[in-house]
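The values are calculated or read from the model by the stated rules, or taken from the named source; none is laboratory data. These numbers were taken from a predicted model, which means no experiment stands behind them. Quick reminder, even Gly has a Cβ in these numbers, built from the backbone with ideal geometry, and neighbours come from all protein chains shown. In case anyone asks, the SASA skips ligands and DNA or RNA and just uses the protein heavy atoms, side chains included. Shrake-Rupley method; radii C 1.70, N 1.55, O 1.52, S 1.80 Å.
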Amino acid sequence: MATLPPRPSSTEPPAADTTRAALVRAALTLFGSQGFEGTSTREVAALANANIGSIAYHFGNKEGLRIAVADFIAETMQTIALQAIGGLDGPAAKPAGAEAARAQLLTGLERLIAFIIARPEAGDIVRFVLREMSQPSAALDRIYNGVFEPAHRRLCLIWEEATGEPAESERTRLTVFTLLGQALYFRVGAEVVKRRMGWETFGEAEAGKVADVVRDNLLAILSSRIGSDA
């Protein structure tokens with residue numbers, strides 16, 4: 001499963017690539033927690049344990065760094081999509097038959113939940129994306145075009161195979177957003193969920209419990225929609 005770029009290490013050549021990865025990681029964390037405008041390049045460099053001049057060297061400027069973070073997020077989520085739904089492009093990603101499509105929807109949702117809830121780096125990604133959604137920039141365009149739109153389109157195609165409902169119908173597109181929203185809420189509302197559930201942590205065990213409920217929800221929706229005329 002994809003993870004964030006590693007922190008700087010003297011054993012990981014070349015040094016320039018390590019510095020670049022550390023800057024992207026630091027920017028992802030700070031831009032997500034403090035906002036783009038609220039974060040200075042000096043803070044990013046300090047967190048990355050890098051010279052401030054390395055930002056200009058690798059990215060040109062602060063905006064270039066934000067674009068690099070967006071590209072990293074897109075690449076990371078493309079890897080998750082490959083594992084969860086067979087990739088984003090090409091006919092090989094489309095399951096053969098309704099049963100296979102339903103199984104892929106279930107597996108894909110479970111893997112998405114496992115990443116969003118149990119992987120610590122997902123918190124930084126979600127915070128960054130939420131800020132971009134509230135104040136869209138070219139970085140959001142990169143993430144949308146690189147992963148959001150193609151992943152959603154692929155899920156809609158799988159839904160069509162699973163239910164017979166047209167992939168690009170308004171109802172199908174909204175249904176897929178609903179399924180994704182269930183998973184996303186448990187990261188956005190993690191503190192609320194933990195308090196209400198009496199959980200001290202939100203790890204793999206808790207992610208499994210959430211996945212069981214979301215799986216039941218998906219099965220119920222599938223049962224009500226398969227063969228319907230809607």
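Just a yes or no: is a residue in the stretch 196-211 farther than 18 Å from LEU109 by Cβ and at pLDDT below 90?
The answer is yes; a qualifying residue exists.
Among the residues of the stretch 188-206, is there at least one that is surrounded by 14 or more Cβ atoms within 10 Å (Cβ to Cβ), touching a residue at least 40 places away in the same chain (Cβ under 8 Å) and within 19 Å of ALA84 (Cα to Cα)?
No: zero hits.
Can you find a residue that is part of a helix (DSSP H, G or I), surrounded by 18 or more Cβ atoms within 10 Å (Cβ to Cβ) and modelled with pLDDT of 95 or more anywhere in the stretch 109-120?
Checking the stretch 109-120: not a single residue is part of a helix (DSSP H, G or I), surrounded by 18 or more Cβ atoms within 10 Å (Cβ to Cβ) and modelled with pLDDT of 95 or more.
Let's see how each residue does on (1) open to solvent by 20 Å² or more (accessible area, probe 1.4 Å); (2) closer than 21 Å to GLU132 by Cα; (3) among the aliphatic types (A, V, I, L, M); (4) in contact with a Phe, Trp or Tyr (Cβ under 7 Å, 6 or more places away or on another chain):
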| site | (1), (2), (3), (4) |
| --- | --- |
| THR29 | yes, yes, no, no |
| ALA46 | yes, no, yes, no |
| ALA50 | yes, no, yes, no |
| TYR57 | yes, no, no, no |
| ASN61 | yes, yes, no, no |
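Yes or no: the stretch 209-218 includes at least one residue that is outside any helix (DSSP H, G or I), touching a residue at least 40 places away in the same chain (Cβ under 8 Å) and crowded, with 19+ Cβ neighbours inside 10 Å.
No.
So, in the stretch 73-103, of the ones that are open to solvent by less than 30 Å² (accessible area, probe 1.4 Å) and modelled with pLDDT of 90 or more, which residue ends up nearest to VAL176 (Cα to Cα)?
Going through the qualifying residues, I end up with ALA101.
Given (1) free of Cβ contacts under 8 Å to residues at least 60 places away in the same chain; (2) of a type outside the set (Lys, Arg); (3) at positive phi, identify the lone condition not met by GLY164.
(1)
Might you check whether a residue that is in a loop (DSSP other than H, G, I, E, B), aliphatic (A, V, I, L, M) and in contact with a Lys or Arg (Cβ under 6 Å, 6 or more places away or on another chain) occurs anywhere in the stretch 49-62?
yes
Go through ARG131, ARG102, ARG111, ARG42 for me and flag whichever is more than 30 Å from SER223 (Cα to Cα) and either touching a strand residue (DSSP E or B) at 6+ places or on another chain (Cβ under 9 Å) or in contact (Cβ under 8 Å) with a residue 24 or more places away in the chain (or both).
Checking each option against the conditions leaves just ARG131.
Keeping to the stretch 1-18, report how many residues are at pLDDT 50 or above and open to solvent by 40 Å² or more (accessible area, probe 1.4 Å).
4
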